[in-house]
Each structure stands twice: as C-alpha cells, then as structure tokens.
1. What FRET efficiency would be calculated for the residue pair Thr8, Ile89, taking the C-beta separation as r and a Förster radius of 45 Å, to the nearest 0.05?
2. Listing Phe26, Phe13 from the residue with the fewest other Cβ atoms within 10 Å to the one with the most, what is the order?
3. For Phe96 and Lys131, what does the FRET efficiency come to when R0 = 35 Å and r is the distance between their Cβ atoms, rounded to the nearest 0.05?
4. Here is the link list: Lys18/Lys131; Lys106/Lys127; Lys116/Lys140; Lys100/Lys127; Lys108/Lys140. Which ones come out longer than 24 Å on Cα distance?
5. Once both labels are modelled 7 Å past Cα along the beta-carbon direction, what's the Asn110-Tyr124 spacing in nm?
6. Using a Förster distance of 25 angstrom, determine the FRET efficiency expected from the C-beta separation of Asn144 and Leu103, and round it to 0.05.
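Read-outs: derived from the displayed coordinates by stated rules, not from any lab. Bear in mind that the values here come from a model prediction, so they are computed numbers and not experimental data. All Cβ positions, glycine included, derive from the backbone under ideal geometry; neighbour counts span all protein chains shown.
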Amino acid sequence: MLFSHKDTPASAFDNIYKSINNYTYFYGGLYYFLNSISILATFFNGIIAIIFLAGTVKYENNVFTTFLNEPSSNFVILSAIVNSIIAFISGILSFFVINKKYLFYKAKKNLLKFEKLYYRSKLYIYKDLEKLDAQFLLYKRALNLIEFDRFKTYDLKGKHNETHK
C-alpha cells in the first residue's frame, strides 16, 4: 500500500522513494549477477577445454590426463553445450529484460529526487502553496512520475457506469 490514513503525504512520498530505490538496487544487482554468470560460464568452458586439450598430449606422466580425456568421453562437449546455453540465456535476460527495468527504476529514482528538491526549495509549482497542499501535490506528482495509475480507464468505463455509451 502506498498511502495509509495515518501517513502524511510527505511520508508517503518517502515510502514511494524507498520502494523505487529498493527496486533499483534489486534490478541492478540482478543485472550484474546475470552478467557475471555469463562471464563465469564462459571462463569455466575455457578452463575445461584447456584441461581437455592438455590431457590429450601423449607425454609420459601427463598430470592433465584424467577420465575426461578418454576418447569415449563426451563430457567436454556436454559441458560446452550446457555452459553455452547458460551464458546465452543469462545474457539475453540481463540485456533485454533486466537492464530495461533497471534503467526504468533508476530514471524514476532520479525524477523523484529532483521532485523532492523542488519541494524542499519551494520552486516551480510549490512556490505559493501551504505546507499540506504542497505535500499532497508532491505525493500526487510522485504517483504520476512512477506511472502509478490508481484508476485504470477500463475501470472507469465499466458496465455499471451510466455515462458510458
């Protein structure tokens, strides 16, 4: 709930800002986590390939010769396929889905920060307003900035609405 009856509009704005800030940190952390999975999967794939290639050398006392290097072993191919799929999926998710949400919430956080500065400085539309009116306007503009639409247009055009034709 964004606003309860015991809250002032200014504290409701602070709650909105905290939730947007939490979303920004969550999606930012998830973005970097998925990118690090892509990098680590690629690194692991390279290490497995290096060990496999080093183990196929026919020198005496080759320390890299393991069960993974046997001619009948498909472990290297299977691990390369699995790591490629993991890196591809996490890269696609982080780039196309998570990055957009992270940038969206980061922009909203900055807009809310600037709106709070306008309010504190009594600039722009807050210039000639009383304290409670300015707080309510701050809360209202914060809901508008985060694109929170309490009443959707399809709710207003319901079947019980007499003005709907």
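1. Details: r = 46 Å, r/R0 = 1.01.
Once rounded, the FRET efficiency stands at 0.50.
2. Working: Phe26 14, Phe13 25.
Ranking Phe26, Phe13 by Cβ neighbours within 10 Å, fewest first, gives Phe26, Phe13.
3. Values: r = 45 Å, r/R0 = 1.27.
It comes to 0.20.
4. On the way: Lys18/Lys131 22 Å; Lys106/Lys127 27 Å; Lys116/Lys140 12 Å; Lys100/Lys127 35 Å; Lys108/Lys140 14 Å.
Beyond 24 Å between Cα atoms: Lys106/Lys127; Lys100/Lys127.
5. Those two pseudo-labels are separated by 1.4 nm.
6. Numbers: r = 19 Å, r/R0 = 0.77.
That gives a FRET efficiency of 0.80.
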